[in-house]
């Protein structure tokens, strides 16, 4: 699905204090706005990000999409990134590129990022929508790796994992895993007070759909709903999946608005 908004040949740039340039697109409109947080090694040009942009433009709603450092059009090397740094990038976009309450949509790793954003800026987050959210995925990653790969990580500091979604391998670093352990969110109740919606495919090979039940059990709020898609995969990018996402986001935005 292509965007119905006016095309932007070049993204805007948010310059971080450490010299990193974060690329983003922002379209003003009514509130609450919507921010899209992509997944691991994904960028802001994906189907879900651009479909949401078109839907928000049609509704006259503010919308923001961006690339974490080391992703897409932002500066930096991917393998230098960590969960904490990427969450800091997301909070910087929230603080400096948007105004007023926001509904944060987090896909896969973005589901971890959105929970960290809600922890850092609870007064700015009006609602959360997780798409196959993958908080704390570094723990499952480490547990699932055979000892040979763990030894590679300990020895070399990096393991280049083949990807089903890209020709480029994933650069998994020991620093990513160790730093990720400092940003875990599923080890205690989640003090998130805003409405939460989760969409998860039951044929997801990457993030077990039962983890969404764990997230729901830990969330302390009352307005929480999960939709399981029996034949859905990890990406949930089929036309029916996209339509479900758009309806979920707009319905939630109207509710909290």
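The values are calculated or read from the model by the stated rules, or taken from the named source; none is laboratory data. The model shown is predicted, which means the values in this text are computed figures rather than measured ones. FYI the Cβ positions are ideal-geometry reconstructions off the backbone, even for glycines, and counts take in every protein chain you see.
A few notes on this one:
- From the list 46, 76, the one residue that fits, being over 15 Å from the mean Cα position of the chain (by Cα) and more than 25 Å from residue 190 (Cα to Cα), is 76.
- Restricting attention to the range 230-257, the residues that are more than 17 Å from the chain's Cα centre (by Cα) and under 16 Å from residue 105 (Cβ atoms) add up to 11.
- Scanning the range 168-186 for residues that are in a loop (DSSP other than H, G, I, E, B) and modelled with pLDDT of 95 or more gives 184, 185, 186.
- Counting the residues of the range 134-161 that are in a loop (DSSP other than H, G, I, E, B) and under 21 Å from the mean Cα position of the chain (by Cα) gives 3.
- Number of residues in the range 243-257 that are surrounded by fewer than 18 Cβ atoms within 10 Å (Cβ to Cβ) and at pLDDT 95 or above equals 7.
- Residue match in the range 203-213 (condition: in contact with a helix residue (DSSP H, G or I) (Cβ under 8 Å, 6 or more places away or on another chain), in a loop (DSSP other than H, G, I, E, B), surrounded by 17 or more Cβ atoms within 10 Å (Cβ to Cβ) and at pLDDT 95 or above): yes
The rows are residues; the columns are (1) over 27 Å from residue 197 (Cα atoms); (2) crowded, with 19+ Cβ neighbours inside 10 Å.
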position: 36; (1), (2): no, yes
position: 64; (1), (2): no, yes
position: 76; (1), (2): yes, yes
position: 96; (1), (2): no, no
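- Restricting the range 142-181 to residues that are closer than 13 Å to residue 109 by Cβ and out of contact with any strand residue (DSSP E or B) (no Cβ under 7 Å at 6 or more places or on another chain), the residue that is surrounded by the most Cβ atoms within 10 Å (Cβ to Cβ) is 176.
- In the range 110-140, the residues that are surrounded by fewer than 17 Cβ atoms within 10 Å (Cβ to Cβ) and within 18 Å of residue 187 (Cβ to Cβ): 119, 120, 139, 140
- One residue stands out among those in the range 224-237 that are in contact with a strand residue (DSSP E or B) (Cβ under 9 Å, 6 or more places away or on another chain) and assigned to a loop (DSSP other than H, G, I, E, B): the one that is farthest from residue 165 (Cα to Cα), which is 230.
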